[in-house]
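The values are calculated or read from the model by the stated rules, or taken from the named source; none is laboratory data. These figures come from a predicted structure and were not determined experimentally. With ideal geometry, Cβ positions are generated from the backbone for all residues, glycine too; neighbour counts draw on all protein chains shown. Ligands, DNA and RNA are stripped out before the accessible areas are found, and what is left, the full protein with its side chains, is counted by its heavy atoms. Shrake-Rupley method; radii C 1.70, N 1.55, O 1.52, S 1.80 Å.
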Amino acid sequence: MISFEQEYSDRSNNAVAGTGRCIIRNVRNAGKGLLVLIEAAMWLVHVFKRRQEVGRQMLIVGIKSLGVTSTVALFTGMILSLQAGLILKDYGQEVNVGILVSQTMCREMGPFMTALILAASVGSAMAAELGTMTVSEEIDALQVMSINPVRFLVMPRLFAMMIMCPALTVYTNCIGVVGGGMVAGTQLDVTWSAYYQNAISYLELKEIYVGLLKAFVFGIVVSTVSCYQGLATTNGAIGVGHATRRSVVISFLMILIIGYFMTRIFY
Amino acid sequence: MVTLENVSKSFAGQPVLRNVTLHIERGETMVIVGSSGTGKSVTLKHMVGLLRPDSGQVLIDGDEISSARGRRLERIREKFGVLFQSGALINWMTVAQNVALPLYEKTRLGDAEIAAKVKEKLALVNLNDCEDKRPAEISGGMKKRVALARAIIREPEILLYDEPTSGLDPVMSRHVEEQIISMQQSLGVTSIVVTHDLHSAFSIGDRIAMLHEGRVAEIGPPEAFAKSSESCVQEFIRAQFESGRAKLNPAKGEIIWQQSDTSASASV
């Protein structure tokens, strides 16, 4: 079990020493976060035994995020279609707007938007929930009962995110393409059949599986960052607020950075 | 049973415990008192291995918990039941699920057996008909009693109480004190109680230890503790019993309640 005991370091007015300590602290936190992920992954064999909690988390991650995901996906597809369509119209190529929308949604925007929504809504809630449990001694109580908090709390959240983030991405892609089609039909005078034909026929399997792989990785990142920030919370209610903010900021940054490198690797 | 040997602990360079040495015998009730910030809860957390000392060691039945990890740490912790200050109940679970949690997670008992044990322990802390309620739906005193039922569900050898009466009204506080005494008598457990409530300490303690500035300033039975020559002990007693109209008579072990025209006394 990883120790979440707060670490203290001497405060110094020396800027160089302060910067050094800040780097060491962040590297150490990244290492601890990675250890939480490894430990939670090792406990995934117990997923059936914790099926009730896993189900509860999947409901929170998947079903309860459907409203906001649908709205964001629909308008993302509509904006993409409108922007691309207006440019393509200048060249008389607006019929090809379906290709652009489906490619962009499946390659990048689907997993990216889904992960951002989950980081902001579900990830922040995870950090706040686990942070509150930490400051109200519930995590201590679990440890004293010899119940591993990573197995009890992190593993079900990790599993739920690993499954539901790609599942929601498929849904986001579909809604985005439908939203693009609505704009294509009403604003760009492209028929639905032409739009749909272009959107599907140019879509290759690689676009879909790379997008889903991205979503899978983003799900792992968001759940690990959020759970670690929650478990490492100190300083009461203020600490819970800081942990929640940090979980969202770090998740956003990691989604962007990892997203770029995954695109670079696969394309 | 529980031994702290020269335990020191600092946070951010600020010493909280300085060479604390404490030995708690099997079956006794030890009360650790002291002002806020003197390291009472930190001492308790060292006993269950939630904190590790900077120096010194913590022994449970001769096993060093301060260096234990993995299965060995789990085996030592199985001897403990802990009542946390806030109760530390899992909020999304019902009362019955909270009490049953250690059995579900750490034993192979069947559902019916677990349900029977939960009922029995809830009855022991005088809680009936609240099994399906969630922690947010019950009062502070009930939360503490549910947490106590959870702490004793696996019949531990050592019970730790962190501020068991804090935040409770006097009637509920006395009720919790009675529960602690009854646990000690019916289960024969070793009890370690951390509190700053001297009334509780005198009521339930076989011995009282006072922590002051990270050190054990005084330790002994309640009568001897009340007569301690340590100035910090006397100041602590005065602060609790001599405010307003209540005064302590350490020689007789009594609190004298001074009223406007009459006076009454109550045994401590």
* Asked: So which residues in segment B:93-113 are within 8 Å of chain A (Cβ to nearest Cβ) and in contact (Cβ under 8 Å) with a residue 24 or more places away in the chain, if there are any at all?
  -> B:101, B:102, B:106
* Asked: How many residues, within segment B:63-92, are more than 8 Å from chain A (Cβ to nearest Cβ), part of a helix (DSSP H, G or I), open to solvent by 40 Å² or more (accessible area, probe 1.4 Å) and not small (Gly, Ala, Ser)?
  -> 3
* **Looking only at segment B:3-45, and only at residues there that are within 14 Å of chain A (Cβ to nearest Cβ) and under 15 Å from the mean Cα position of the chain (by Cα), the one that is least open to solvent (accessible area, probe 1.4 Å)** => B:44
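For every residue, the table says whether it meets (1) open to solvent by 70 Å² or more (accessible area, probe 1.4 Å); (2) modelled with pLDDT of 95 or more; (3) of a type in the set (Gly, Ala, Ser).
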position	(1), (2), (3)
A:186	yes, no, no
A:190	no, no, no
A:193	yes, no, yes
A:196	yes, no, no
A:205	yes, no, no
A:215	no, yes, yes
A:218	no, yes, no
A:227	no, yes, no
* Being small (Gly, Ala, Ser) and closer than 25 Å to residue B:143 by Cα is the filter here, so list the residues in segment A:129-168 that pass it. => A:131, A:136, A:141, A:146
* **Residues satisfying the stated conditions in segment B:21-58, i.e. in contact with an Asp or Glu (Cβ under 9 Å, 6 or more places away or on another chain) and β-branched (Val, Ile, Thr)** => B:21, B:29, B:31, B:33, B:38, B:48, B:58
* Asked: Considering only strands (runs of 3 or more DSSP E) fully contained in segment B:2-48, which possess at least 3 residues that are touching a Pro at 6+ places or on another chain (Cβ under 9 Å)?
  -> B:2-11
* To do: Hey, could you check segment B:122-143 for residues that are within 14 Å of chain A (Cβ to nearest Cβ) and surrounded by 18 or more Cβ atoms within 10 Å (Cβ to Cβ) and say which is nearest to residue A:46 (Cα to Cα)?
  => B:135
* Do any residues in segment A:140-154 that are facing another protein chain (nearest Cβ under 10 Å) and part of a helix (DSSP H, G or I) have Cβ atoms under 7 Å from those of residues that are small (Gly, Ala, Ser) and open to solvent by less than 30 Å² (accessible area, probe 1.4 Å), where the two are at least six apart or on different chains, and which pairs are they? -> A:140/B:88; A:141/B:88
* So which residues in segment A:125-139 are closer than 14 Å to residue A:235 by Cα and assigned to a helix (DSSP H, G or I), if there are any at all? -> A:128, A:130, A:131, A:132, A:133, A:134, A:135
* Asked: of a type in the set (Ser, Thr, Tyr) and in contact (Cβ under 8 Å) with a residue 40 or more places away in the chain, is that true of residue B:190?
  -> yes
* Could you identify the single residue in A:100, A:116, A:88 that is in a helix (DSSP H, G or I), open to solvent by 40 Å² or more (accessible area, probe 1.4 Å) and away from chain B (no Cβ under 14 Å)? => A:100
* Give the residues of segment B:135-157 that are of a type in the set (Lys, Arg) and not in a loop (DSSP other than H, G, I, E, B), sorted by residue number. => B:143, B:144, B:145, B:150
